[in-house]
Amino acid sequence: MHFLMRSNTKQFLFWSKHLYRTCTSRTLASEAKEKIAYSEMMQRRQQQATRSIVVQVQSENSFPELYNYCASFGEILSAHHYRIQQEEEQHYILLEFGNAQEASAAITASAYNDELSSVPAHSPFLWFRATSGKRALKAAAKSIKATLAVVNGTTMLDSNALTDLLCAAPNLDKQILYLHQHTQLNDLGVRLRFLAALQVQQAVSGMFPNANAQPFGSSVNGFGRMGCDLDLILRFDREVVGATTVQQRNQESRLVFHTKENLTNGRSQTQRQMESIGDMLHLFLPGVCHVRRILQARVPIIKYHHEHLNLEVDLSMSNLTGFYMSELLYMFGELDERVRPLTFSIRRWAQACGLTNPSPGRWITNFSLTCLVIYFLQQLKHPILPIINSMMKSATSDDIRLTEDGINCSFSRDFERIGFRCRNTSQLSELLLQFFEFYSQFDFHNRAISLNEGRAIAKPDHSALYIVNPLEQVLNVSKNVSLEECERLRIEVRNAAWVLESEVENPSQPESEGAQLAWGILHLFKSNEKSIIRPNMFFKPRMVDVSQLFDSEDADSPTTSVEFK
Ligand code: GTP
Ligand code: MG
């Protein structure tokens, strides 16, 4: 019997339904699909991480032996293999136990390597000492019926394979869907990210038993691609998931903790705390390497690489609005199944024509692009998404969230209560073309975009691109975007509309003999040099003077980066 299905079939079905939901664009708007509240999704994923361990093995062939050994600690619900290409190929298996006690029994029973002098830290990251010879391996393989649920689970589709896949799609709508389905962060990717969060949380839990480290951003909002970075917020109390229990206890208990007084300047306090946390991660946590502190940015962060997860992590301690914004994005993605596939195509197009760039700078970010998509979907004659003001208006007392700076992040978390009904039945391909046409006409010079009101408003200042920050409405999400980059955006959306128009008119795979020709959205993903209109000024090398990012109040732009030695 299949390993994953041995037990807890319900749980498996839940995740497969949630993560591998396939859809056809015809049924998108009308089909009532199960929507899962963000807090519930986060809670389930956090619990799943507490039941899991990651074990380095020689290869996936070690699985039967590992299974036999670990089954003595408890029931194993699922096993997922992945590999990381370093100097040598490294293999890992994530094992999910029946409950957190069983996983922690496996961790507690683990040994230290006598041959190495190392810091004796406990964590869910282990390696498996292979002892048996070939004969024992065969015997182990024979004795268990379980198989790996996933093999090579973090391997990304290479661009040639993706191109072939999109070429073979029957029509443009399917191309957009396939791109999303085959490049989105998968279940294993999410599991590994929640384990990275749990490792940090457990590391500080001795001093802060209420500490909570939670992924946010594209790792959890459903807009993440395979290989995306992990944004992590660490709080010393449980504030992130609703402050009620802490508040209640603070009011009721007559025994009160003696504590250290906070410095008067909250920001420098946070910076110093983050410095210590960065040191601690660097010195004690297995897998954590290349730790850098970027403490002068608007949101101070510690960046590091996790070598057992092949993951870049941005850890912050004071970015609650970012966290709540992820919840809003998650809800927008859940509200209509067209939102994420559409956004994936637009992000890919922006990347291909060089509008976005992995390093922070004066170009548009993926987050700002997503805001452009959401606004476009709100302002349609038959809107596909509600405006944020209506989500705020339908908030109840359970939805009240205030950050420590008093920023109001209250909006209804209940899909039904928002009361939004979508009557728009447009196909994905139509929406993609309309997106490009809409922004070809948009008056970026005079108008600012408000997702709160779902309309364009007068620009409050001279920023090239102005998108009102939905949770801090005095700020501009895209303040970092230069005039030159905004102009490039205008030109590229026009080019894209022009390219796509003929594809939408002939939305099916072209008849071709022999090799498949690139068609449909693939024409949008041609690299920068092949763009049609391109004044010379836009070919300037895209280096950025980091000091110019200092005045950006609202871009997560690092100002200085210090690597830990
Ligand atoms: P990628 O990392 O590019 O895959 O996308 P991302 O959505 O994770 O973006 P990023 O890492 O830049 O930011 C993480 C999250 O922080 C976003 O998803 C938003 O929820 C939030 N965020 C980013 N920039 C802003 C901003 O300017 N204002 C607010 N309120 N939230 C932001
Ligand atoms: Mg991110």
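The values are calculated or read from the model by the stated rules, or taken from the named source; none is laboratory data. Remember, predicted model here, so these are calculated numbers, not experimental data. Here the Cβ positions follow ideal geometry from the backbone for every residue, glycine too, while neighbour counts run over all protein chains shown.
The number of residues in region 165-194 that are in a strand (DSSP E or B), at pLDDT 95 or above and either over 12 Å from the mean Cα position of the chain (by Cα) or aromatic (Phe, Trp, Tyr) (or both) comes to 0.
Return the residues of region 259-302 that are polar (S, T, N, Q) and under 30 Å from residue 478 (Cα atoms); say none if nothing qualifies. Walk me through it before giving the result.
Within region 259-302, the first condition is being polar (S, T, N, Q), and the residues that meet it are 259, 262, 264-265, 268-271, 273, 276, 296.
Result: 265, 268, 269, 270, 271, 273, 296.
In region 464-491, the residues that are among the basic types (Lys, Arg) reach residues that are surrounded by fewer than 17 Cβ atoms within 10 Å (Cβ to Cβ) and part of a helix (DSSP H, G or I) with C-beta atoms within less than 8 angstrom, at least six apart or across chains, in these pairs: 490/440. Taken over region 468-497, the criterion of being more than 16 Å from ligand 2 (Cβ to nearest atom) and among the aliphatic types (A, V, I, L, M) is satisfied by 468, 471, 474, 475, 481, 483, 489, 491, 493, 496, 497. One residue stands out in region 304-350 among those that are within 16 Å of the chain's Cα centre (by Cα) and assigned to a loop (DSSP other than H, G, I, E, B): the one that is nearest to ligand 1 (Cβ to nearest atom), namely 319. The listed residues are 177, 234, 192, 230, and the only one of them that is in contact (Cβ under 8 Å) with a residue 60 or more places away in the chain, surrounded by 21 or more Cβ atoms within 10 Å (Cβ to Cβ) and farther than 20 Å from residue 48 by Cα turns out to be 177. The single condition among (1) in contact with a strand residue (DSSP E or B) (Cβ under 7 Å, 6 or more places away or on another chain); (2) at pLDDT 50 or above; (3) not aliphatic (A, V, I, L, M) that residue 561 does not satisfy is (2). Only one of the numbered conditions (1) over 29 Å from residue 404 (Cα atoms); (2) more than 14 Å from ligand 2 (Cβ to nearest atom) is violated by residue 277, and that is (1). The single condition among (1) within 16 Å of ligand 2 (Cβ to nearest atom); (2) surrounded by 17 or more Cβ atoms within 10 Å (Cβ to Cβ) that residue 358 does not meet is (2).
Just to be sure before I move on: is residue 312 away from ligand 2 (no atom under 15 Å from the Cβ), at pLDDT 95 or above and among the acidic types (Asp, Glu) in the structure I sent? Walk me through how you get there before you give the answer.
Numbers: away from ligand 2 (no atom under 15 Å from the Cβ): no; at pLDDT 95 or above: yes; among the acidic types (Asp, Glu): yes.
Considered against the rule, which asks whether it is away from ligand 2 (no atom under 15 Å from the Cβ), at pLDDT 95 or above and among the acidic types (Asp, Glu), residue 312 comes out as no.
For the structure I just gave you, tell me whether residue 345 is modelled with pLDDT of 95 or more, hydroxyl-bearing (Ser, Thr, Tyr), more than 30 Å from residue 266 (Cα to Cα) and surrounded by 21 or more Cβ atoms within 10 Å (Cβ to Cβ). Here the answer is yes, as residue 345 does meet what is asked. Kindly indicate whether residue 142 is among the charged types (D, E, K, R), more than 30 Å from residue 185 (Cβ to Cβ) and surrounded by fewer than 12 Cβ atoms within 10 Å (Cβ to Cβ). Considered against the rule, which asks whether it is among the charged types (D, E, K, R), more than 30 Å from residue 185 (Cβ to Cβ) and surrounded by fewer than 12 Cβ atoms within 10 Å (Cβ to Cβ), residue 142 comes out as yes.
Which residue out of 435, 411 is away from ligand 1 (no atom under 15 Å from the Cβ), outside any strand (DSSP E or B) and surrounded by 17 or more Cβ atoms within 10 Å (Cβ to Cβ)? Spell out the reasoning first.
Numbers: 411 fails: away from ligand 1 (no atom under 15 Å from the Cβ).
Of 435, 411, the one residue that is away from ligand 1 (no atom under 15 Å from the Cβ), outside any strand (DSSP E or B) and surrounded by 17 or more Cβ atoms within 10 Å (Cβ to Cβ) is 435.
Just one residue in the set 161, 197 is within 16 Å of ligand 2 (Cβ to nearest atom) and either at negative phi or more than 23 Å from the chain's Cα centre (by Cα) (or both); that residue is 197.
Taking the conditions exactly as written (buried (at least 23 other Cβ atoms within 10 Å of the Cβ) and in contact with a helix residue (DSSP H, G or I) (Cβ under 9 Å, 6 or more places away or on another chain)), does residue 292 satisfy them or not? Give the steps one after another, and end with the answer.
On the way: buried (at least 23 other Cβ atoms within 10 Å of the Cβ): no; in contact with a helix residue (DSSP H, G or I) (Cβ under 9 Å, 6 or more places away or on another chain): yes.
Against the criterion (buried (at least 23 other Cβ atoms within 10 Å of the Cβ) and in contact with a helix residue (DSSP H, G or I) (Cβ under 9 Å, 6 or more places away or on another chain)), residue 292 does not qualify.
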